[in-house]
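Chemist: Pasting a structure below so you can have a look.
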Protein chains: 2
Amino acid sequence: MNSTAGKLYGLGLGPGDPELLTLKALRLLQTVPVIAYPCSEDGTSVARNIVAQWLRSDQVEIPIPLPFRAQESAAPYYDRAALKLRNHLDQGQDVAVLCEGEPMLYGSFMYLLNRLSGHFDIEVIPGISSTLASGAIAGHPLTYGNDILSIFPATLPIEVLRTQLAKIDAAIIIKLGRHFHKISSLLGELGLDDRALYLERISQPMQRILPLAAVNPAEVPYWSLILILSDRTPSASGDQSLGLNTSENALD
Amino acid sequence: MNSTAGKLYGLGLGPGDPELLTLKALRLLQTVPVIAYPCSEDGTSVARNIVAQWLRSDQVEIPIPLPFRAQESAAPYYDRAALKLRNHLDQGQDVAVLCEGEPMLYGSFMYLLNRLSGHFDIEVIPGISSTLASGAIAGHPLTYGNDILSIFPATLPIEVLRTQLAKIDAAIIIKLGRHFHKISSLLGELGLDDRALYLERISQPMQRILPLAAVNPAEVPYWSLILILSDRTPSASGDQSLGLNTSENALD
């Protein structure tokens, strides 16, 4: 560990609405001299866009291009990015990596962390994940009482998903993209479709919340999700008066 | 729906550090005239304590006493609280209910929502849940690649937990309290104890992160949790250099 080195921050930015940044993430964003963020090949960065209003011209920016072609290894991309961050850290500059959602949940930050951990002081600032925010955004509780809540990537094999989804209390299925039709069919087969809600671009201006039947599978972005409500709550398409069919005992 | 009525907000405050409030929660906290919060019988409110520095003397405060004795029904407590909130909403006053963590995840706000939904305009502001923040706080990724992440209440029957935990990728076990010994023994039996970390009072001044063996079961608060790391990551007690044994393919 280099004691004169800079500190590395992983800044969770939340699901997209700049107002869903934490006070801590905003403070660090405004004080750290070097800001890094993942971007696509053309330089577009969703993470940077979330906080663009607060970035200053005297801050150094490090775009981290990531591959978006299926099956291409991202390892060389992370290797190159880690080297760039290391150069700044070695010079004693703090570096903040911007992370959509929660950095430690299915995030690309983990692959930079893997490469720099042990060499530098690192702090990860939690952010609001679109997964758990989906209930608040849709206006439906995620869990009641002793419910188990599971998060499934839609990229899992169909047999795994069929077995696992058959016995859920409540679930969130992420990384939909081109897997939407597979998931939607499976939920129909399992009788879960009337407890399911589709959410896209949560908290952003283009946010959409739809029943599964209203979704065009050809237009499903990768970062969309399906929320499967606890069966202790009324159906997603049901009325807003949730009723009192819930466990309301005190803490046990 | 009463169109001249006030609006009800559920404000997610995050796990305890006031800096983990979102900008949106802080803005609403400072503009809504009536602030309600759960409290214990002696009036202590963890939620109010998180934001005490921002409350103003011209804001009306509504403490919501909740029972903390096991097996006592909370329903009459929520009935009384809903009636108080309704009185303010009917007079056209906006009301914000303070919620630790994420309001829609195992939160008491849901029981107020059930009682007031359909009658008033309601907006829930997501907050950072200590569950998903545990990875950032402990410095360990929660999930890699296609991992499934599940959240289990420790209050579930032991047989259910044994079956479910035997096949997890990664998990978070909440509501430990007096169930700690049961859970800790089960994790030992399942060979999961070396992937487990205990976290208490996440992001608060008294925060503690311990291996299971170092925990005194008699001192485990209700709102503590055990994080079980993905087995694609090194053990919780292992070195900080996480290595590259992870899936790093591009989006698929």
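Chemist: For the protein assembly as shown, build the charge dipole from Cβ charges (+1 Lys, Arg; -1 Asp, Glu) around the Cα centre, then report which of A:Ser57, B:Leu113, A:Ser130 sits farthest towards its positive end.
Modeler: A:Ser57
Chemist: I've got another one for you. Compute, for the range B:130-228, the length of the dipole vector about the Cα centre, with Cβ point charges of +1 (Lys, Arg) and -1 (Asp, Glu) only. Units Debye, rounded to 20.
Modeler: 220
Chemist: Related question: Express as a percent, rounded to the nearest 5, the fraction of DSSP beta bridges in the range A:130-228 (both residues included) that run antiparallel.
Modeler: Details: 11 of 16 bridges.
For the range A:130-228, the DSSP antiparallel bridge percentage is about 70.
Chemist: Given a cut-off of under 8 Å on Cα pairs at least six residues apart, what relative contact order in percent is computed for the range A:73-176?
Modeler: Once normalised by length, the contact order is 20 percent.
Chemist: Taking beta carbons within 10 Å but only from partner chains, what does the mean come to for residues A:167-180?
Modeler: Numbers: counts 2, 1, 1, 2, 2, 1, 0, 1, 3, 0, 2, 2, 1, 0.
That works out to 1 on average.
Chemist: Could you check what % of the DSSP bridge pairs in chain B are antiparallel, to the nearest 5? Let's see the in-between values first.
Modeler: On the way: 12 of 36 bridges.
Here the antiparallel bridges make up roughly 35 percent for chain B.
Chemist: If I model a spin label as a point 7 Å beyond the Cα along the Cα-Cβ vector, how far apart are those points for A:Met206 and B:Met206 in nm?
Modeler: With each label point 7 Å from Cα toward Cβ, the separation is 4.7 nm.
Chemist: Right, here's the next one. Using the Cα atoms of the range A:82-215 to build a convex hull, what is its mean projected area in square nanometres?
Modeler: 10.7
Chemist: Also: Determine the calculated [θ] at 222 nm for chain A from helices alone, applying -39500 (n - 2.57) to every DSSP H run no shorter than 4 residues and normalising by the residue count; nearest 500 deg cm²/dmol.
Modeler: The helix-only estimate for chain A comes to -7500 deg cm²/dmol at 222 nm.
Chemist: Taking every DSSP beta bridge with both residues inside the protein assembly as shown, roughly what % is antiparallel (nearest 5)?
Modeler: Of all bridge pairs located within the protein assembly as shown, approximately 40 percent are antiparallel.
Chemist: Over all residues in A:12-18, what is the mean tally of Cβ atoms on other chains that come within 10 Å of each residue's Cβ?
Modeler: Rounded to a whole number, the mean comes out at 3.
Chemist: If you don't mind, another one. Say we join alpha carbon atoms closer than 10 Å with springs in a Gaussian network model of chain A; which of A:Ser130, A:Ser73, A:Ser45 then has the biggest fluctuation?
Modeler: Residue with maximal mean-square fluctuation among A:Ser130, A:Ser73, A:Ser45: A:Ser73.
Chemist: I would also like to ask the following. May I ask for the longest run of chain B untouched by GluC sites (Glu not before Pro) that are loop-located per DSSP and have at most 16 neighbouring C-beta atoms (other than their own) within 10 Å?
Modeler: It works out to B:73-252.
Chemist: Percent relative contact order of the range A:130-228, based on C-alpha pairs within less than 8 angstrom and at least six residues apart? All intermediate terms of the calculation are to be shown ahead of the outcome.
Modeler: Values: 151 pairs, mean separation 30.6, N = 99.
Here the relative contact order equals 31 percent.
Chemist: If I model a spin label at B:Asp79 and A:Gln91 as a point 7 Å from the Cα along the Cα→Cβ vector, what separation in nanometres do I get?
Modeler: Taking the two extended label points, one gets 6.8 nm.
Chemist: Per residue of B:130-140, count partner chain C-beta atoms within 10 Å of its C-beta, then hand back the mean as an integer.
Modeler: Numbers: counts 1, 3, 12, 10, 2, 8, 14, 5, 2, 7, 5.
What the average comes to for B:130-140 is 6.
Chemist: Averaging sequence separations of C-alpha pairs under 8 Å and six or more residues apart, then dividing by the length of chain A, give the relative contact order as a whole percent.
Modeler: Answer for chain A is 21 percent.
Chemist: Could you give the dipole magnitude of chain B about its Cα centre, charging the beta-carbon of Lys and Arg +1 and that of Asp and Glu -1, in debye to the nearest 20?
Modeler: 500
Chemist: Quick check: at a probe of 1.4 Å, how many percent of the accessible area of chain A sits on carbon and sulfur atoms?
Modeler: Roughly 50 percent, rounded to a whole number.
Chemist: Please compute how much accessible surface disappears when A pairs with B, both sides summed, using a 1.4 Å probe, and round it to the nearest 100 Å².
Modeler: 6500
Chemist: Could you please report the charge total around B:Ser129, scoring K, R as +1 and D, E as -1 over all other residues with beta-carbon less than 11 angstrom from its beta-carbon?
Modeler: -3
Chemist: What figure in square angstrom, to the nearest 10, would you give for the accessible area of A:Val215 with a 1.4 Å probe?
Modeler: 10
Chemist: Now a separate question. When chain B is modelled as a GNM with alpha-carbon springs shorter than 10 Å, which of B:Lys24, B:Lys84, B:Lys167 fluctuates the most?
Modeler: B:Lys167
Chemist: Quote the charge dipole size of the protein assembly as shown about the Cα centre in Debye, to the nearest 20; the model charges only the Cβ of Lys and Arg (+1) and of Asp and Glu (-1).
Modeler: On the way: 38 positive and 52 negative charges, 36 e Å.
The dipole of the protein assembly as shown has a size of about 180 debye.
Chemist: Please work out the average accessible area per residue across the protein assembly as shown, using the 1.4 Å probe convention, and give it in Å².
Modeler: 39
Chemist: Looking at B:Val97, B:Leu161, B:Leu210, which one has the Cα that reaches farthest to the positive end of the dipole of chain B (charges on Cβ: Lys, Arg +1; Asp, Glu -1)?
Modeler: B:Val97
Chemist: Do the alpha carbons of any pairs in A:Lys7/A:Lys84; A:Lys167/B:Lys167; A:Lys182/B:Lys175; B:Lys7/B:Lys84 sit beyond 23 Å of each other, and which pairs?
Modeler: A:Lys182/B:Lys175
The values are calculated or read from the model by the stated rules, or taken from the named source; none is laboratory data. No experiment lies behind these values; they were computed from the predicted model shown. For neighbour counting, all protein chains shown are included, and Cβ atoms are generated from backbone atoms with ideal geometry for every residue, glycine included. Quick note on the areas: whole protein, heavy atoms, side chains included, nothing else; ligands and nucleic acids left out. Shrake-Rupley method; radii C 1.70, N 1.55, O 1.52, S 1.80 Å.
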